[in-house]
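A.B. asks: First the structure, then my questions, so here it is.
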Amino acid sequence: MKIALAQINTKVGDLKGNAELIIQNIERAKERNAGLVVFPELAITGYPPRDLLDFDCFIEDNLLLLDEIRKHTAGISVICGYIDKNPLPEGKKYYNAAAVISDCEIKARYFKRLLPFYDVFDETRYFEPGKESLTVEIGGKKFFLAICEDLWNDKDYWKRTLYPTNPTEDIPKTGIDGIIT
């Protein structure tokens with residue numbers, strides 16, 4: 001399977017412009033016969049959106065644009081970063097999420113599990129951490145999904161880990177063909 005990595009230069013808050021860039025890159029990946037195109041963390045909103053998350057219309061527009069992007073995925077699979085709502089009455093209101101879209105249908109949603117809270121990062125202020133790892137099948141191959149920090153808590157690498165969980169410990173149990181982050 002040919003995988004396109006769309007390393008687009010998003011602008012924080014430019015939802016429409018970012019969505020247009022995503023759609024252009026989906027079309028480009030189709031022209032090059034890619035079976036999958038992968039976009040960055042929070043590609044629709046730009047990273048980090050910070051206090052823009054205080055505006056409900058920002059979240060709603062991000063979800064509407066995810067639906068618009070979905071319509072352009074005939075014949076290709078897409079993994080795209082966006083913000084999802086937490087439907088539960090407790091916890092933070094939103095998830096830092098990735099949608100797995102194939103043939104105009106959202107097949108899966110992954111919620112980032114490890115939220116950085118150091119240096120310039122303050123994701124715990126805005127996002128609820130995901131609870132489970134996700135393995136998806138795309139084009140007959142199984143992929144383990146992670147978002148950025150989810151891969152950065154390896155006790156064999158760091159002298160002192162920052163989080164009580166390590167999503168990478170789930171990898172051997174999944175029988176995967178690859179990791180997408």
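A.B. asks: Please work out the Cα convex hull volume for the chain and give it in Å³ per residue.
C.D. replies: Here the figure is 120 Å³ per residue.
A.B. asks: Same structure, new question: Taking the DSSP beta bridges in segment 1-104 as the whole, what percent of them are antiparallel, to the nearest 5?
C.D. replies: 60
A.B. asks: While we're on this one: If you average the C-alpha positions of segment 1-50 and of segment 102-181 separately, how far apart do those two centres end up, in angstrom?
C.D. replies: 19
A.B. asks: Order these peptides, 152-163, 105-116, 71-82, by their mean beta-carbon neighbour count within 10 angstrom, highest first.
C.D. replies: The packing order, highest mean first, is 71-82, 105-116, 152-163.
A.B. asks: For n ≥ 4 DSSP H runs only, could you compute -39500 (n - 2.57) per run for the chain, divide by its residues and tell me the 222 nm figure to the nearest 500?
C.D. replies: It lands at -6500 deg cm²/dmol.
A.B. asks: Still on this structure, I have one more. Over segment 3-131, what is the relative contact order in percent, taking alpha-carbon pairs closer than 8 angstrom and at least six residues apart?
C.D. replies: Dividing the mean separation by the residue count of segment 3-131 yields 21 percent.
A.B. asks: Bin all alpha-carbon pair distances of segment 92-172 at 10 Å intervals from 0 and give each bin's fraction as a whole percent.
C.D. replies: The distribution over segment 92-172 is 17, 45, 29, 8, 0, given as percents.
Any read-out appearing in this document is the output of simple, stated calculations on the displayed coordinates, not a laboratory observation. As the structure is a prediction and not an experimental result, all values here were calculated from the model. We place every Cβ from the backbone using ideal geometry, glycine too, and count neighbours over all the protein chains shown.
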